[in-house]
Structure formats: C-alpha cells, structure tokens
Amino acid sequence: MAVSSLAGIDESALVVQSREGDTTAFGELVRRYEGKIFRLGQHVTQNREDAEDVLQETFMKAYEHLDQFKGDSKFYTWIVRIAVNQALMKLRRRKTDRSVSLDETIDTGEDMVVREIAAWGEDPEQQLSREELGGILDTAIDSLEPLYRSVFVLRDIDELSTEETAEALGLSVPAVKSRLLRARLQLREKLTRFFKRKGDDAFAYM
Amino acid sequence: MLTCKDFLSELSDYLDETIDAELRAKLERHITECPNCWVIADTTRKTIQIYKGMEPYPIPPDVESRLMQALEKKMAAKHK
Ligand SMILES: [Zn+2]
C-alpha cells in the first residue's frame, strides 16, 4: 500500500473508496485504527502474539466483509466488534483450565467495595514520565477481570457509547453499566496508591 | 436520605452526566455532606480523565510490516 495523503479525508468516503477496490483508501483506514485495535487486543488477550493475530485478523475480515458494513454505525465500532470477537476467542482458547465466560453472572454487588479513600494531589499524572504513567495505567487495567477490562477499554479509553459497548461485547446495557462502575472503582483504588496526596492515610470505609 | 451505597451505585451515571436533574441534585447534596463520597467521586473522575487522554503506543515496526504484507496479499487476491 502506498503512503497515502488521505489523512484529512472523511471516513465514510474512505469506506466507499475501499469498497470500490481502492487499496490506498483501505490502507488509510488501517492506519487510523491499527493502534487502537492492537491496544484493545493486548488488553483483552494479555498476550502480544495473540494481539498481533487479532490485529491482522480484524483488518483481513473487515476487508473481506466490507460489503456488510452498512455505514449506520461508525467504522471503528464495526471493526471493534470483529476485534473483540477474535480476542475473546483467543482468550478462551488459552485459558482452557479456567473458563472465561461472557455470560452474565448474578450480580451481588459485593465486589463494589471501596477500601481506600484518599484525596489525590493536583494533576498527579504530571509528576510521572509518559512511560511511567503508561506502565502504571496498563498494569492497573491488566489486573482487572477480562470482562471488566473489555468494558473499560471500550467505554473509557476508546470512548464508545454504552450502547455500542453492549453491542460489541454482546452484553445488555445494564450489564455494561454495572461492569463499568466496578472497573472504574477498582482502577480508582489501584491508582490511589500512586496518586494520593502525601501525608493522607487511607482509612477503612463501608 | 441517600446512603453512601446509593451514591456509589449512581456514580457512573453521575460522572457521565446521564441522570436527571432531580437525582443529580440529591447526589450533589450527598457529596457536600459526605467527604468520603466526595473523594471517591473526585478520584474516580480523575481516573477516567487520565485514561481518556491515553494515546495508543505506536505499533512496533515488525508488527506493522507483517500486517501490511498480509493485507497486500489479500487485496491482490481480491482484485486480480
Ligand atoms: Zn457518602
């Protein structure tokens, strides 16, 4: 694929051109979203090799089935669905000992526990280098359960809507909401260890 | 009166601003009176903000070139 000068072109125009066989236009779509898809693959599978496969398979399938993309959603939402499916399949295959299920488990609310409450300093992330911050943020996400991770990445990092996230993961809207809340609270808790104002001690709560 | 548990269960919608004005007012009243929930709301909001600003890392060059090779092959096959 040639290096394109299509950076400013509207997404729907690129999709139309790609469908007509313009490989440069499809190359531009790949360039726009490959980083996000690779990150999503890494967060869901937690395995670099799998993430690379997810990346390739996602764009191969997207190209193959471009006719099926109706344009009633964003292109990214459409490929995210493909990517999530590929990633979850790999995750299931790897974890044969421990079943990874997307089924909606009964929500007891017991994991919605807040242990540490401490105010953060001003702009705590500014105190760290980009690499340090990236490391902390990634490690925190990767310590979440697969479904919490997926919901959080789609909703809060990729900024899909609740409905789009539900569609991509095959979950109901309430299930997305409850998992998002838990994911956010768990991440808040993990980041508090790094970002709390010095001198503030955590105390038990609830 | 709203309990802390009630507050927590509405926290996501509160931060996403997807709740009606009446509930919003109740939640806001709660955090003015409850320092714990204020801290939780504030730090959860910051958590979300920090992640939102996170750009994906550039794809490693070897991964990128394998992707492009695979796609070129596929495109060539489709448009002979
Ligand atoms: Zn409270």
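A short reminder: the numbers here are calculations on the coordinates, not readings from a lab. Just so it is clear, the model here is predicted, and its values are computed rather than measured. Cβ: placed from backbone, ideal geometry, glycine included. Neighbour counts: every protein chain shown.
Rounded, prolate or oblate: pick one for the protein assembly as shown, where a ≥ b ≥ c are the square roots of the eigenvalues of its C-alpha gyration tensor, a/c under 1.5 means rounded, and failing that, prolate if a/b is larger than b/c, else oblate. In terms of gyration-tensor shape, prolate. Placing unit charges on the Cβ atoms of the charged side chains and taking the dipole of the protein assembly as shown about its Cα centre, the candidate lying farthest along the positive direction among B:Y14, A:V30, B:A76 is B:A76.
Dipole magnitude of region A:11-94 about its Cα centre, charges +1 at Lys/Arg Cβ and -1 at Asp/Glu Cβ only, in debye to the nearest 20?
460 debye
Label B:M1 and B:A70 with points 7 Å out from Cα along Cα→Cβ: what is the distance between them in nm? If labels sit at B:M1 and B:A70, their model points lie 5.9 nm apart. Projecting the Cα atoms of B:N36, B:C4, B:L67 onto the charge dipole of region B:4-78 (Cβ charges, centred on the Cα centre) puts B:L67 farthest toward the positive pole.
In debye, nearest 20: dipole of chain B around its Cα centre with unit charges on the Cβ of K, R (+) and D, E (-)? Intermediate values should be presented prior to the final figure.
On the way: 12 positive and 14 negative charges, 137 e Å.
It comes to approximately 660 debye.
Can you tell me which of A:153-159, A:6-12, B:34-40 comes out highest on packing, and rank the rest after it, using the mean Cβ neighbours within 10 Å? Before the final figure, lay out each step's value.
Details: A:153-159: 22.0, A:6-12: 11.4, B:34-40: 18.3.
Going by the mean number of other Cβ atoms within 10 Å, highest first, we get A:153-159, B:34-40, A:6-12.
Scaled against the 2.2 N^0.38 Å expected of a compact globular protein of N residues, the Cα radius of gyration of region A:1-54 reads 1.31. Please label the shape of region A:11-94 as rounded, prolate or oblate, based on the square roots a ≥ b ≥ c of the eigenvalues of the alpha-carbon gyration tensor (a/c under 1.5 means rounded; beyond that, a/b larger than b/c means prolate, else oblate). Note, shape of region A:11-94 comes out prolate. Using a cut-off of 20 Å between Cα atoms, the listed pairs A:K70/B:K73; A:K190/B:K52; A:K196/B:K26; B:K26/B:K46 include A:K70/B:K73; A:K196/B:K26; B:K26/B:K46 as exceeding that distance.
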